[in-house]
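Working notes, structure below.
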Ligand code: DNO
């Protein structure tokens, strides 16, 4: 006997410009892709026509598209300012259109200004493969001396600022340029980084948005859209903060178990759920991932599986899937238990992977080269195959 319900194996695809082709994803053994209409400006409606066109494109390779990542949330929804109400109405229309086309899960995040942040997307592993890295000192150097964010100086001791300044002075120009370029990337599906001016202008709009206010704005958004999603047959899946702590002096509100608890209490609608990203939640030592997955299992609409290795000083790199701080054996075991209990398959994608082998010379989205993700997928698949015998 083996488990009846297994994870649905998907891979992210950035669309027709992605160096990783649909044929590659099909050859990896996936049944579908996770994608988004990245060309549509944030906030604008996704039409049925545009959604159908993408579904048909993917279907040519016998792949499905049922999980969106992301339907982005406009910054004015996060700040609760400007055209907030209009952007929420647009979001509802997009959800109805997506539901009418058979989409089942919509992933989004509520991270202010920047999506994910790293300081190096080409960190050399001892074996020559490349990993994504977040270095706290380098990030603070960017914040203090490149972005020169107002208020940043007050967040550190004078000793730390002096030490960081000394580190900055000793840094080769190309390394500094790499940090700047990488932190400003922050936009999935785009290779056009922000400028410092853009970031500072956006930060201004968050000036009076306290942590409680940001949480209230998220709850307001979800109270509006979750019923619409529910009617459209869609589960909303919020992506945790990455990294799961404050960036640019801004609050982040989806980093811990308590944050999940607050969100579920504020919006009990069953369409309000999680994209359980083991890499993002796992970058914090105080998050117990197997316990969190167990607790929120019925609200997990989508799984991102990857691993990180922390050093205790706020630095982490993305480790091989089975080698970081998170116990993926326990995670996959728990996912199998949830799926059998609830009689459903949870969509899953191997999140990120090292850049390796023939991919090393290619231009790919950071974290999203083909071979590293295929390796991760194969390992997760093997783990699930073995564990499924228990059920
Ligand atoms: C990074 C991704 C994120 C994620 C968004 C979801 O690799 O996991 O960019 O797609 O935060 O909205």
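Every number in this text was worked out from the coordinates using simple rules, so none of it is lab data. Note that the structure is predicted; figures quoted are calculated from it, not measured. Please note: Cβ atoms are built from the backbone with ideal geometry, for glycine as well, and neighbour counts cover all protein chains shown.
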How big, on average over all directions, is the shadow cast by the Cα convex hull of region 333-387, in nm²?
4.2
What percent of all Cα-Cα pairs in region 270-391 falls in each 5 Å bin, counting up from 0?
2, 11, 20, 23, 19, 14, 7, 3, 1
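Can you tell me, using C-alpha contacts under 8 Å and at least 6 residues apart, the relative contact order of the chain as a whole percent? Each step should come with its number before you reach the end.
Working: 700 pairs, mean separation 78.0, N = 391.
Normalised by residue count, the contact order of the chain is 20 percent.
Which peptide among 151-158, 34-41 comes first, and what is the full order, when sorted by highest mean count of other Cβ atoms within 10 Å? Don't skip to the end; give the middle numbers.
On the way: 151-158: 11.5, 34-41: 18.0.
For the peptides 151-158, 34-41, the packing ranking is 34-41, 151-158.
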Long-range alpha-carbon pairs in region 2-54, meaning those over 16 Å apart, account in percent for 53
What spacing in nm lies between the two simple spin-label points modelled at residue 220 and residue 122, each 7 Å away from Cα in the Cβ direction?
4.4
Write down the Å³ per residue value for the convex hull defined by the alpha carbon atoms of region 38-119.
108
How much FRET efficiency would the formula 1/(1 + (r/R0)^6) give for residue 174 and residue 53, where r is the Cβ-Cβ distance and R0 is 35 Å, rounded to 0.05?
0.25
What is the diffusion coefficient of region 71-131 in µm²/s, taking the Kirkwood radius over Cα pairs and the Stokes-Einstein relation at 20 °C with a viscosity of 1.002 mPa s?
148
Go from 0 up to the bin containing the longest alpha carbon distance in region 206-277, width 5 Å each, and give me the % of pairs per bin.
3, 16, 26, 24, 18, 8, 3, 0
Hydrodynamic radius (Kirkwood) for the chain, which is based on Cα pairs only, to one decimal in Å
21.5
Highest average packing first - 132-143, 232-243, 206-217, Cβ atoms within 10 Å:
232-243, 132-143, 206-217
In percent, how large is the relative contact order of region 185-280, given Cα pairs closer than 8 Å and 6 or more residues apart?
30
The extension gain from residue 160 to residue 266, computed as 0.36 nm times the residue separation minus the Cα-Cα distance, is 34.3 nm
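Ignoring everything except DSSP H segments at least 4 long, calculate the 222 nm mean residue ellipticity for the chain; use -39,500 (n - 2.57) per segment, divide by total residues, nearest 500.
Value at 222 nm, helices only: -12000 deg cm²/dmol.
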Pairs of Cα atoms farther than 14 Å apart, region 140-186, %:
50
Most fluctuating of 190, 369, 255 in the GNM of the chain (C-alpha, under 10 Å) is 190
Could you work out the equivalent-ellipsoid semi-axes for region 203-343, taking the square root of 5 times each eigenvalue of the Cα gyration tensor, largest first, in whole Å?
25, 23, 11
Mind putting together the pair-distance distribution for region 1-144? All Cα pairs, 10 Å bins, whole percent per bin, short to long.
10, 30, 30, 23, 7, 0
Which value, in Å to one decimal place, does the Kirkwood hydrodynamic radius take for region 289-348 when every pair of different Cα atoms is included?
12.4
For the chain, give me the percentage of DSSP beta bridges that are antiparallel, rounded to the nearest 5 percent.
30
Gain on full stretching of the segment that runs from residue 245 to residue 83 - 0.36 nm per residue minus C-alpha separation
55.5 nm
